[in-house]
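Values in this text are rule-based calculations from the coordinates and carry no lab data. Please read all numbers here as calculations on a predicted model, not as lab measurements. For neighbour counting, all protein chains shown are included, and Cβ atoms are generated from backbone atoms with ideal geometry for every residue, glycine included.
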Amino acid sequence: MQELDTLDFKKPIFSEEVLEWIANENLWNLWVPKCYGGLEMSLSDGLKKLRLLAKVDGSLGWTVTLCSGANFFVGNLPKEVAEDVFIDFERPICFGGSGGVFGTAEKDGEGYVISGTWKYATGAPYLTHFTLNAKIQENGEDVIQKDGTPMIRSFLLHRNQVEIIEDWQTMGLKATATHSFRVEEQWVHEKYSFVYNEVHQPHPIFKVHFSLFADLTLWGNYVGMAEHFMEEATILGGSTEDIDQLKVYIGKCDALLSDFATEIERSIKQGHTFSEKYINTVHHEASKSVQFLSQGILNLYPSLGILASTECHVLNQIFRDYFTATQHHIFRKGTTESRIFKDLE
């Protein structure tokens with residue numbers, strides 16, 4: 001099997017060698033139970049793996065994070081569907097899709113007819129299945145819940161039911177191939193629908209609130225890319241003062257991320273649930289951490305010279321990957337309060 005450090009990550013789409021390495025390492029299935037062929041990693045161990053992958057290459061870390069994060073939905077699928085999808089499938093399973101509600105699902109017998117166009121499906125060319133959110137309709141009208149909001153469900157579709165729209169034209173994270181996709185009147189059995197807060201697997205990882213899971217897994221990517229940037233800047237001879245400051249930021253972020261993971265695992269073991277206040281606290285700390293990492297990189301960048309602005313140089317790629325990643329909707333707007341960074345402001 002090819003070693004990670006010999007793989008080429010400079011292409012705008014992952015090569016067959018990279019995809020084969022990911023499959024051989026079973027990285028799409030970081031969180032999937034062993035009974036379905038997964039690695040069944042703990043939250044802490046999985047976060048360390050994602051951080052390392054992002055440090056090697058931003059697109060690699062981001063794609064594995066988002067796609068393994070979509071495979072995480074195995075915990076929300078009925079067991080018969082999970083078995084049907086993950087056992088004896090013809091190729092490594094890789095979910096991915098969109099978190100937005102950009103389409104409709106019209107009730108039709110034992111299933112739904114789904115139509116719409118969804119944006120930002122990370123790893124679109126590599127996926128075997130697409131996940132999406134849609135408004136439930138009956139007779140062309142939205143189904144309204146008791147609280148007055150439209151009913152929304154998530155669905156799992158085979159890639160043959162989806163048309164990929166190649167519109168990912170960003171400056172970085174190019175190999176994530178985060179294209180849009182279109183679904184036109186595809187019938188899907190109701191057993192392939194799910195909701196985030198209904199879990200059908202007993203493993204501790206599926207007791208992690210999905211908002212916490214999303215925050216922590218993406219947070220690890222920013223830390224990994226920032227550390228790679230710092231190391232390459234040190235080699236190039238950047239400002240020692242700014243390198244040291246970025247190192248402090250990375251250390252604080254890494255420690256806080258690890259502490260939260262440990263805290264969450266302990267809470268689950270003790271049978272606790274997660275309050276909205278706690279979920280917001282984690283999100284605020286993660287957002288503030290990304291703000292500080294971004295500032296540290298921006299402070300260091302001007303001391304690196306024209307070489308770091310050359311498209312073929314690794315520092316330029318890391319810079320473009322990192323700041324493309326900061327545009328993810330859950331981290332695009334930071335917060336002003338932070339318990340861990342107050343001494344640095």
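Here are a few things to note about the model shown:
- For the stretch 98-111, the Karplus equation 6.51 cos²θ - 1.76 cosθ + 1.60, evaluated at θ = phi - 60°, returns couplings of 10, x, x, 9, 10, x, 10, 10, 7, 4, 8, x, 8, x Hz by residue, with Gly and Pro reported as x.
- For the chain, the relative contact order is 18 percent, taking Cα pairs closer than 8 Å that sit 6 or more residues apart in sequence and dividing their mean separation by the residue count.
- For GluC sites (Glu not before Pro), the sites in the stretch 115-190 that DSSP calls loop and that have at most 12 other Cβ atoms within 10 Å are Glu166.
- On Cα atoms only, tilt of 58-71 relative to the major axis of the chain in degrees: 30 degrees
- The angle between the Cα long axis of helix 210-236 and the main principal axis of the chain comes to about 30°, on a 0 to 90 degree scale.
- Antiparallel content of DSSP bridges confined to the chain, in %, to 5: 80 percent
- Once the Cα atoms are used to define both axes, helix 314-325 deviates from the longest principal axis of the chain by about 40 degrees.
- Lysines whose Cα lies under 21 Å from that of Lys207, excluding same-chain neighbours fewer than 8 positions away: Lys34, Lys48, Lys49, Lys79, Lys269, Lys277
- Partners for Lys135 among aspartates and glutamates (Cα-Cα distance below 17 Å; same-chain residues under 8 apart left out): Glu106, Asp108, Glu110, Asp147, Glu184, Glu185, Glu190
- 3J(HN,Hα) along the stretch 136-147: 7, 10, 9, 6, x, 10, 4, 7, 9, 7, 4, 7 Hz, from the Karplus curve 6.51 cos²θ - 1.76 cosθ + 1.60 with θ = phi - 60°, whole Hz, x for Gly and Pro.
- The phi torsions of the stretch 177-187, fed into the Karplus equation with coefficients 6.51, -1.76 and 1.60 and a -60° offset, translate into couplings of 6, 7, 7, 7, 8, 10, 10, 10, 6, 9, 7 Hz, rounded to whole numbers, with Gly and Pro shown as x.
- Lysines with Cα under 16 Å of Lys10, excluding same-chain neighbours fewer than 8 positions away: Lys55, Lys174
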